[in-house]
1. Determine which member of the set GLU208, GLU165 is acidic (Asp, Glu) and not assigned by TED's automatic domain parsing to the domain that holds GLY246.
2. Give PRO303, PRO258, PRO292 a once-over and let me know the one that is under 21 Å from the mean Cα position of the chain (by Cα), modelled with pLDDT under 95 and not assigned by TED's automatic domain parsing to the domain that holds GLY149.
3. In this structure, does VAL51 turn out to be more than 17 Å from ILE136 (Cα to Cα) and either aromatic (Phe, Trp, Tyr) or surrounded by 24 or more Cβ atoms within 10 Å (Cβ to Cβ) (or both)?
4. Pick from ALA88, ALA105: which is surrounded by fewer than 20 Cβ atoms within 10 Å (Cβ to Cβ) and out of contact with any Cys (no Cβ under 8 Å at 6 or more places or on another chain)?
5. Show the residue pairs meeting these rules: Cβ distance below 6 Å; 6+ apart or different chains; first residue within the stretch 316-345 and over 29 Å from PRO146 (Cα atoms); second residue surrounded by 11 or more Cβ atoms within 10 Å (Cβ to Cβ) and among the polar types (S, T, N, Q).
6. Of all residues in the stretch 200-234, how many are in contact with a helix residue (DSSP H, G or I) (Cβ under 7 Å, 6 or more places away or on another chain) and part of a loop (DSSP other than H, G, I, E, B)?
7. Can you tell me which residue within the stretch 181-237, out of those that are among the hydroxyl-bearing types (Ser, Thr, Tyr) and surrounded by fewer than 20 Cβ atoms within 10 Å (Cβ to Cβ), is nearest to GLY280 (Cα to Cα)?
8. Could you list, in sequence order, all residues of the stretch 105-145 that are among the hydroxyl-bearing types (Ser, Thr, Tyr) and either over 19 Å from the mean Cα position of the chain (by Cα) or at pLDDT below 95 (or both)?
Amino acid sequence: MNPPRLAVVVGTRPEIVKLGQVARALGPACQVIHTGQHESAELAADVIASVGLKATRTLTGIAGLPRHARIGRMVERLGDLFTAEQPAAVIVQGDTNSAVSGAQAANAAGIPVIHVEAGLRSFDRAMPEEINRCVISALTDVHCAPTQGAVRHLLNEGIPAANIELTGNTIVETTLAMAPPAADAAKIAALAGAEPYRYVLATIHRTENADDPARLETILDQLTKLGLPVLLPLHPRTRQSITRFGLTAALDRLHAMPPVDYRTFLGLASLASLIVSDSGGIQEECTVLKRPLIVVRNSTERPESIAAGFAWLVQPGEEISELGRQLIADSALRPRLTAIACPFGDGTASGKIATIARGFL
């Protein structure tokens, strides 16, 4: 009989990136399972390889399904896999459909669940990710919380303190390890036609923005009024929405580009005068890269970035361009942010989580 292994479930690029160093620390005991939530098997393999991993299993027939069908199929297939191979524990990360499916499948198979980035809350039930977070917490055996705030949320929900570990966030060491040196970042910016600290980097992909024609039009219009060139790597769903809503003319005033790999993105982010995004992960990465961020969302589960002074939460509207121009013009902002400590830990989270996971072996 093969010795028990630890299953690491991933389905999106952020999960792969954030769990990459955990999986590497676990070595041969780790079984990486890609759910195929968004990407083709080939693209997923490229992303996984970029962080030094290889998927042991890749599910097919998942991408493109409606949310309920996608989750249902992932639970079914992961459940079959966990029942047949019985990993010692299942590690899931964050709040994706893959994470909630992995937690449900593991729980149904009687296998312990380790939740990385546990305890984040936006308290906005209109956000699908918030529902996923709450469901995962109800099924988790070990909650690896990134901040004291996340610990408090879990305790307030009745999670026993003995089941919570304050680990920090794995994004800290991942960003430090994968961000290119300044000289390489400058070359990356130059290839994109941009001058260091003389451009804005923007990403928009969340349902509340990408699927709402009025909001999406407002965001694109506001980006054109920031006074600097705007690099806009377009998520496939956002590009499709722009076409569907008849907003392609707005792209003529922006530097729209295909999605970029993670190292390239970090290089662009590190030298941007300003970042504008609705991403959750960028709210963490900006605190490591020491860059200002405008968060274009209704709510956020990462208030630490705002409290520390790295990020500002705004609704689509004039606030984007008004605040953006103020931040760009603030010559003291860059040294001020450089002096602020990252609120998401000291870069040792992956090792702590790997040690916790090995305990199940």
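1. Residue meeting the stated conditions: GLU165.
2. PRO258
3. So VAL51 fails the test.
4. The conditions single out ALA88.
5. SER321/GLN222; ILE328/SER273
6. 8
7. THR207
8. Passing the criteria: only THR140.
The values are calculated or read from the model by the stated rules, or taken from the named source; none is laboratory data. None of these values were measured; they are calculated from a predicted model. As a convention, Cβ positions derive from the backbone with ideal geometry for all residues, glycine included, and neighbour counts pool all protein chains shown.
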